[in-house]
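To start, the structure under review is shown below, and the notes come after it.
The values are calculated or read from the model by the stated rules, or taken from the named source; none is laboratory data. Just so you know, these numbers come straight off a predicted model, no measurement behind them. All Cβ positions, glycine included, derive from the backbone under ideal geometry; neighbour counts span all protein chains shown. Heads up: the accessible areas ignore ligands, DNA and RNA and are worked out on the full protein's heavy atoms, side chains in. Shrake-Rupley method; radii C 1.70, N 1.55, O 1.52, S 1.80 Å.
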Amino acid sequence: MAVSKEYLKEEREQAWRADIRKLLKNKERTGLTRVHMGEVEPAERIKSNIEVNTGLTREEAINEARRCLDCPDPTCITGCPVEINIPKFVKRIEQGEFLEAARVLKETSALPAVCGRVCPQEKQCEAKCFYQLKMKKEPVAIGHLERFAADYERESGQISVPEVATSNGIKIAVIGSGPAGLTFAGDMAKNGYDVTVFEALHEIGGVLKYGIPEFRLPNSIVDVEIKNLEKMGVKFENNFIVGRTATIDDLKEEGFEGFFTGSGAGLPRFMNIPGENYIGILSSNEYLTRINLMDAANPRTDTPIISGKNVAVIGGGNTAMDSVRTAKRLGAKRAMIIYRRSMEEMPARVEEVKHAQEEGIEFLNLTNPVEYFADENGRVNKVRVQKMELGEPDSSGRRRPVPMEGSEYDIDVDTVVVSVGVSPNPLIPSSLPQLETTRWGTIVVDEEKLQTSIPEMFAGGDIVRGGATVILAMGDGRNAAAAMHKYLQDKLNA
């Protein structure tokens with residue numbers, strides 16, 4: 001799916017791009033400072049689910065876009081899993097053509113407003129920016145600009161719909177409406193296929209809806225992106241469990257000829273330590289899903305959730321940060337992260353850690369739970385933790401945490417959220433014995449094509465990777481769509 005250098009060169013040589021480059025000398029561009037996106041004050045934002053980041057103004061966006069050098073070799077694109085033409089959309093912003101910038105984003109990304117909010121740009125496109133690679137300066141704020149363009153278009157009411165090819169009548173089933181499935185569906189619709197997305201839950205959006213709190217990604221943003229896919233002809237069926245509501249064979253009988261599995265990694269992992277089954281100990285998946293999707297924080301809801309005053313979240317990733325910051329918003333007096341490695345080794349985004357610290361979250365690093373205790377009603381009331389120290393690097397390259405003998409102590413808790421990873425959803429593999437899987441339960445695919453052992457089935461996202469970012473799942477969706485399109489056309493022409 002790599003973008004050709006010839007295409008990028010042609011695009012860069014267009015008159016409007018050349019004119020934009022002439023407006024400022026490179027020395028003037030590199031002398032500009034990176035924009036800082038505004039944020040709601042911590043004391044205010046922890047009172048509700050209000051979005052923390054406030055976005056850029058028009059002036060801020062244009063000034064930041066001026067920093068981009070429109071490099072002849074745009075290394076930033078190589079850092080983007082969906083290969084957005086980054087200099088092109090950024091230069092459209094510098095030009096003041098914000099709607100055109102949004103159209104450029106949609107050429108390759110089905111979810112630009114989502115990506116502008118939750119993608120780890122600092123590890124991807126921005127990490128490959130010329131400023132970062134060659135000048136050791138802060139990179140162009142690509143993520144902020146992506147969010148600006150998508151938000152501007154949405155708020156303008158002039159939302160563009162990507163062009164789709166004439167219908168070819170071939171029915172395609174997408175299993176799961178997370179970022180991999182939605183991206184795949186969009187690309188297949190562009191190619192003229194009749195696409196239906198099947199979602200097990202009652203809301204479309206997968207992890208974007210159930211796993212990411214609204215203070216990071218408002219549901220209304222996701223809904224607009226989904227609505228755009230509907231305008232492209234993509235159909236959605238919720239409350240539909242492929243493998244239970246209907247099997248793959250049932251869908252084949254209905255005329256579906258190609259399948260994409262993006263069913264995610266929704267099976268929680270626990271640590272198997274004493275007391276882990278006490279009341280008040282939940283997986284991060286259950287905690288966030290019930291709150292984000294089932295309104296469980298509302299005491300009048302059908303299935304309310306008790307989120308206590310002393311909440312410990314075990315883990316150091318983005319989901320752990322989402323969980324502990326959610327607990328704070330639900331009234332926790334003490335909301336803690338318990339993580340067995342150091343602060344520097346936390347896998348969570350730097351921005352998420354910063355926001356959590358601002359909001360009064362406690363970080364108990366180099367600390368690990370070893371046992372839970374409960375009151376007479378079986379509800380957790382204490383966690384025993386042990387201090388850790390870092391030893392030699394393990395297989396991941398990170399220094400291995402080693403327990404310190406005799407360092408145990410107890411912490412009062414009334415809710416514990418375990419966020420130590422997830423396993424792939426087993427439903428599709430269990431319903432298809434001929435589908436090859438790994439010992440971890442992920443689906444085996446061809447590395448380039450993402451084709452499974454069942455030729456008409458492709459797969460991507462967490463069901464293949466075992467847990468990854470939104471943008472990597474989207475990259476899988478794009479790659480799988482390109483490969484399935486070729487596979488189906490080759491079959492037609494055979």
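Within this structure, Arg34 passes the test of being surrounded by fewer than 18 Cβ atoms within 10 Å (Cβ to Cβ), touching a Lys or Arg at 6+ places or on another chain (Cβ under 9 Å) and closer than 21 Å to Pro112 by Cβ. Just one of the numbered conditions (1) more than 25 Å from the chain's Cα centre (by Cα); (2) under 16 Å from His202 (Cβ atoms); (3) of a type outside the set (A, V, I, L, M, F, W, C) is not true of Gly308: (2).
Within the stretch 52-94, the residues that satisfy the criterion of being on the phi > 0 side of the Ramachandran plot and either open to solvent by 30 Å² or more (accessible area, probe 1.4 Å) or among the small types (Gly, Ala, Ser) (or both) are Gly55, Glu83.
For the stretch 330-384, a residue qualifies if it is of a type in the set (Ser, Thr, Tyr) and either under 16 Å from Ile273 (Cβ atoms) or free of Cβ contacts under 8 Å to residues at least 24 places away in the same chain (or both), and the qualifying residues are Tyr339, Thr367, Tyr372.
Residues in the stretch 374-400 that are surrounded by 17 or more Cβ atoms within 10 Å (Cβ to Cβ) and among the polar types (S, T, N, Q): 2 in all.
Residue by residue, here is whether (1) surrounded by 15 or more Cβ atoms within 10 Å (Cβ to Cβ); (2) farther than 23 Å from Cys129 by Cα; (3) among the hydroxyl-bearing types (Ser, Thr, Tyr) holds:
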| site | (1), (2), (3) |
| --- | --- |
| Ile20 | yes, no, no |
| Leu24 | yes, no, no |
| Glu39 | yes, yes, no |
| Pro42 | yes, yes, no |
| Ile50 | no, yes, no |
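The conditions are (1) of a type in the set (A, V, I, L, M, F, W, C); (2) open to solvent by 20 Å² or more (accessible area, probe 1.4 Å); (3) in a strand (DSSP E or B), and Ile273 fails exactly one of them. Which is it? The one condition Ile273 does not meet is (3).
Taking (1) under 29 Å from Leu488 (Cα atoms); (2) open to solvent by less than 30 Å² (accessible area, probe 1.4 Å); (3) among the basic types (Lys, Arg) in turn, Arg216 satisfies each apart from (1). Criterion applied to Val161, Val104 was being β-branched (Val, Ile, Thr) and assigned to a loop (DSSP other than H, G, I, E, B), and the one residue passing it is Val161. Here Arg154 fulfils each of the conditions (1) open to solvent by 10 Å² or more (accessible area, probe 1.4 Å); (2) more than 23 Å from the chain's Cα centre (by Cα) apart from (2). Restricted to the stretch 276-309, and to residues there that are open to solvent by 50 Å² or more (accessible area, probe 1.4 Å), in a loop (DSSP other than H, G, I, E, B) and among the charged types (D, E, K, R), the residue that is modelled with the highest pLDDT is Lys309.
Listed by position, the helices (runs of 4 or more DSSP H) contained in the stretch 207-269 that have at least 1 residues being in contact with an Asp or Glu (Cβ under 8 Å, 6 or more places away or on another chain), among the hydroxyl-bearing types (Ser, Thr, Tyr) and touching a residue at least 24 places away in the same chain (Cβ under 8 Å) are 207-210. Every condition in (1) within 23 Å of the chain's Cα centre (by Cα); (2) within 26 Å of Asp223 (Cα to Cα) holds for Gly316 except the one numbered (2).
Here Ile46, Ile62, Ile20 are screened, and the one residue that is within 31 Å of the chain's Cα centre (by Cα), over 30 Å from Thr326 (Cα atoms) and touching a residue at least 24 places away in the same chain (Cβ under 8 Å) is Ile62. Tell me, yes or no, whether the stretch 359-372 has at least one residue that is surrounded by 17 or more Cβ atoms within 10 Å (Cβ to Cβ), in contact with a helix residue (DSSP H, G or I) (Cβ under 9 Å, 6 or more places away or on another chain) and among the β-branched types (Val, Ile, Thr). There is at least one residue in the stretch 359-372 that is surrounded by 17 or more Cβ atoms within 10 Å (Cβ to Cβ), in contact with a helix residue (DSSP H, G or I) (Cβ under 9 Å, 6 or more places away or on another chain) and among the β-branched types (Val, Ile, Thr). The single condition among (1) out of contact with any strand residue (DSSP E or B) (no Cβ under 8 Å at 6 or more places or on another chain); (2) surrounded by fewer than 18 Cβ atoms within 10 Å (Cβ to Cβ) that Glu254 does not satisfy is (1).
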